[in-house]
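Asks: I'd like to ask some things about the structure below.
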């Protein structure tokens, strides 16, 4: 890989949903006067995406009827999510050189894959944060995120909302599988597990220790 894609001042956080990744990126950047690349920061990519190069990322942009989004089979949903992650990695690797060139510490809630992360930063600069996979599946619509509530309303509008919800949850189960969890757990990076009894400050201290800050 190009030497210009090795980032000594970048710290990456990967893991499962509801593990606290976004919070840690924001808190660490604030405490260390760094740059926070929060969830989906690649949305700020300045150029319009070509659907031929980025078919998954442009799928929702060019979608005519959003009900088609929730009507996909669980496997189609999983394959799309995997494709989105691959395409996000391409955009992140295009954006990070400019962001890291500022000289400050950069904290990234990233979609970059495990194998690529091993190549672009010191191994101690990636932290895995994990929560029980069941949380991601069963609490997906509990968050007030506008995007999640929009999807929830689409499901309620279906002729059989219960069947539509079960179809969507099956897609989430494929995405939040034990296999995916184990891959993160055994990635070789330092790991922090979700603990409801721990304060944000305590988790920040754990993250600092894991990242050598």
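The values are calculated or read from the model by the stated rules, or taken from the named source; none is laboratory data. Everything quoted here is computed from the prediction, not taken from an experiment. Quick reminder, even Gly has a Cβ in these numbers, built from the backbone with ideal geometry, and neighbours come from all protein chains shown.
Asks: Report, by residue number, each residue of region 1-16 that is surrounded by fewer than 20 Cβ atoms within 10 Å (Cβ to Cβ) and touching a residue at least 40 places away in the same chain (Cβ under 8 Å).
Replies: Here is the first cut: in region 1-16, the ones surrounded by fewer than 20 Cβ atoms within 10 Å (Cβ to Cβ) are 1-6, 8-9.
Scanning region 1-16 gives 1, 4, 5, 6, 8, 9.
Asks: May I pose another question? Could you check how many residues of region 181-191 are within 16 Å of the chain's Cα centre (by Cα) and more than 11 Å from residue 14 (Cβ to Cβ)?
Replies: 2
Asks: Here's something else I'd like to know. Could you please find all residues in region 1-43 being within 15 Å of residue 212 (Cα to Cα) and part of a strand (DSSP E or B)?
Replies: The answer is 10, 11, 12, 13.
Asks: Please list, ordered by first then second residue, the pairs with beta carbon atoms under 9 Å, 6 or more apart or interchain, first in region 171-189 and closer than 21 Å to residue 76 by Cα, second loosely packed, with under 12 Cβ neighbours inside 10 Å and modelled with pLDDT under 90.
Replies: 176/134
Asks: Taking region 166-183 on its own, how many of its residues are crowded, with 17+ Cβ neighbours inside 10 Å and over 16 Å from residue 135 (Cα atoms)?
Replies: Matching residues across region 166-183 total 1.
Asks: Another one. Could you go through region 178-185 and let me know if any residue there is outside any helix (DSSP H, G or I), at pLDDT below 95 and in contact with a strand residue (DSSP E or B) (Cβ under 8 Å, 6 or more places away or on another chain). Before the answer, list the steps.
Replies: Initially, region 178-185 is screened for residues outside any helix (DSSP H, G or I), giving none.
Looking for residues that are outside any helix (DSSP H, G or I), at pLDDT below 95 and in contact with a strand residue (DSSP E or B) (Cβ under 8 Å, 6 or more places away or on another chain), one finds none in region 178-185, hence no.
Asks: Moving on to the next point. Test residue 31 against the stated conditions and say whether it is under 28 Å from residue 185 (Cβ atoms), within 20 Å of the chain's Cα centre (by Cα) and in contact (Cβ under 8 Å) with a residue 60 or more places away in the chain. Give the steps one after another, and end with the answer.
Replies: Working: under 28 Å from residue 185 (Cβ atoms): yes; within 20 Å of the chain's Cα centre (by Cα): no; in contact (Cβ under 8 Å) with a residue 60 or more places away in the chain: yes.
When the stated conditions are applied, residue 31 does not pass them.
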